[in-house]
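The block underneath contains the structure these notes are about, expressed in structure tokens.
The values are calculated or read from the model by the stated rules, or taken from the named source; none is laboratory data. As the structure is a prediction and not an experimental result, all values here were calculated from the model. In this analysis, Cβ positions are derived from the backbone assuming ideal geometry, glycine residues included, and neighbour counts consider all displayed protein chains.
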Amino acid sequence: MPRCPRLTGAATAALALGLVAAAPAPGTEPPVGDARVVARFDPAAGQRPENIALEPDGSADLTFAFARTVVRVAPDGTRTTRAELPAVAAPDTPLVGRAAVTGIVRAHDGTLYVNYATGTRATGVWRISPGGAPVQIAALPPDGFPNGLTLDGHRGVLYAADSVRGTVWRVPAAGGPATAWAHRTELRPSRAGSFGANGIKVHRGSVWVSNTDRGTLLRIPVGEDGSAGAPETRARGLGGIDDFAFPGAGRTVLAALNGGDRVVLVRRDGGHTVVLTEADGLAGPTSVAVRGRTVYVPGAAYRTERDPNLLLARLRYHFGRL
């Protein structure tokens, strides 16, 4: 396992606080820049960073898919194993064949929630309390693939995107039975053996979901009673889209396109612009997180088998409610 390099002072500040310098006028320079790799991982040890949650101090909590672990990368570059999901006998996970820890989200009290896909009864949502061991709080169908995960703290529920069954599952954050909240054609893959619903976020009263196989970004309104409205397709042509993040309060999105080694800025009209590429250090980007003006992009290098890493970049513009 290679040693994780220590971050520079500038990177530490970016991790901890984000960069708050005044932004130039839109259009005068690229909206994202100053990219640098701040941590490198060992693919032979299963260290494929699949998803990310951020701590208040700027540390990044990463799920290592095939190592079945959650690892915290501190602002000074120190790496700590936060939790290890239990091994399962004879995993039969759809699409990948191996047990995989996928989506992760953090609650305000420091509790982490992760998805675990195994092809067994261990498949579901697991809770990692501060200082505690992982505990399964909801079972999901073993023949599905729970991928992205998000938390609606106001309603006290989690939403998990199932890449095989074309379903968004709703789970009480306190634990309990999962319900199929949304099950639509738009969430399913168009081809057998492909990933459908993948990334997922709660944003401004709606649940947003990416569909990897269809290359789409969807918005699902949440009704006053908590029910799912009809999905709206907000963007198309995003081949290989994985997870994503909102850089501001509006509908502008930063999305990881895993297959193409790109991060794109998706505008509210559905158009998109490439803002980061393999030349910037991307290694099969799987997800995006934003803190202030700092953009975090984990890369699992599933396609190239080279240099899975955590990349940081800087937002040059303030997106506000655009």
Self-check item: Failed criterion for G193 (all others in (1) under 20 Å from the mean Cα position of the chain (by Cα); (2) assigned to a loop (DSSP other than H, G, I, E, B) hold)
Solution: (1)
Self-check item: Members of the stretch 182-196 that are of a type in the set (G, A, S) and surrounded by fewer than 20 Cβ atoms within 10 Å (Cβ to Cβ)
Solution: S190, A192, G193, S194
Quiz item: Of the conditions (1) modelled with pLDDT under 95; (2) not in a loop (DSSP other than H, G, I, E, B), N198 fails just one. Which one is it?
Solution: (1)
Exercise. Would you be able to say whether some residue in the stretch 116-129 is in a loop (DSSP other than H, G, I, E, B), surrounded by fewer than 16 Cβ atoms within 10 Å (Cβ to Cβ) and of a type in the set (G, A, S)?
Key: yes
Quiz prompt | Test set (1) over 30 Å from E224 (Cβ atoms); (2) under 18 Å from the mean Cα position of the chain (by Cα); (3) part of a strand (DSSP E or B) - T81 fails condition number | solution = (2)
Quiz item: Does L310 satisfy the condition of being part of a strand (DSSP E or B), touching a Lys or Arg at 6+ places or on another chain (Cβ under 9 Å) and of a type in the set (A, V, I, L, M)?
Solution: yes
Quiz item: Of everything in the stretch 33-58 that's small (G, A, S) and either in contact with a Phe, Trp or Tyr (Cβ under 6 Å, 6 or more places away or on another chain) or touching a residue at least 60 places away in the same chain (Cβ under 8 Å) (or both), which residue is surrounded by the fewest Cβ atoms within 10 Å (Cβ to Cβ)?
Solution: G33
Practice problem: Scan the stretch 61-103 residue by residue and report those that are in contact (Cβ under 8 Å) with a residue 60 or more places away in the chain and farther than 15 Å from G144 by Cβ. | Solution: L62, A65, V73, P75, D76, G77, T78, R79
Self-check item: Residue check for P221: farther than 25 Å from L62 by Cβ, in contact with a strand residue (DSSP E or B) (Cβ under 8 Å, 6 or more places away or on another chain) and assigned to a strand (DSSP E or B)
Solution: yes
Exercise. Under 7 Å between Cβ atoms, at least 6 apart or on separate chains: pull out the pairs that start in the stretch 249-274 with a residue that is under 15 Å from L311 (Cβ atoms) and assigned to a loop (DSSP other than H, G, I, E, B) and end on any residue that is among the aliphatic types (A, V, I, L, M) and modelled with pLDDT of 95 or more.
Key: D261/L282
Quiz item: Are any of the residues in the stretch 29-38 more than 23 Å from the chain's Cα centre (by Cα), at pLDDT below 95 and assigned to a loop (DSSP other than H, G, I, E, B)?
Solution: yes
Quiz item: Got a sec? Which strands (runs of 3 or more DSSP E) wholly within the stretch 137-187 have at least 1 residues that are among the acidic types (D, E) and over 15 Å from T123 (Cα atoms)?
Solution: 146-152
Practice problem: Would you mention how many residues in the stretch 206-263 are modelled with pLDDT of 95 or more, under 17 Å from the mean Cα position of the chain (by Cα), surrounded by fewer than 24 Cβ atoms within 10 Å (Cβ to Cβ) and among the acidic types (D, E)? | Solution: 1
Quiz prompt | Identity of the residue in the stretch 231-248, free of Cβ contacts under 8 Å to residues at least 40 places away in the same chain and among the small types (G, A, S), that ends up nearest to P298 (Cα to Cα) | solution = G240
Exercise. Could you tell me whether the stretch 76-97 includes any residue that is touching a Lys or Arg at 6+ places or on another chain (Cβ under 9 Å), over 27 Å from V209 (Cα atoms), at pLDDT 95 or above and of a type in the set (S, T, Y)?
Key: yes
Quiz item: When the residues of the stretch 43-59 are filtered to those that are assigned to a strand (DSSP E or B) and not charged (D, E, K, R), which remaining residue is farthest from A87 (Cα to Cα)?
Solution: L54
Self-check item: Subset of the stretch 59-77 [touching a Ser or Thr at 6+ places or on another chain (Cβ under 8 Å) and buried (at least 17 other Cβ atoms within 10 Å of the Cβ)]
Solution: T63, A65, T69, V70, V71, R72, V73, A74, P75
Quiz item: So which residues in the stretch 199-239 are among the β-branched types (V, I, T) and farther than 23 Å from G271 by Cβ?
Solution: V202, V222
Practice problem: Could you identify the single residue in V88, V71, V96 that is over 15 Å from V171 (Cβ atoms) and not in a loop (DSSP other than H, G, I, E, B)? | Solution: V71
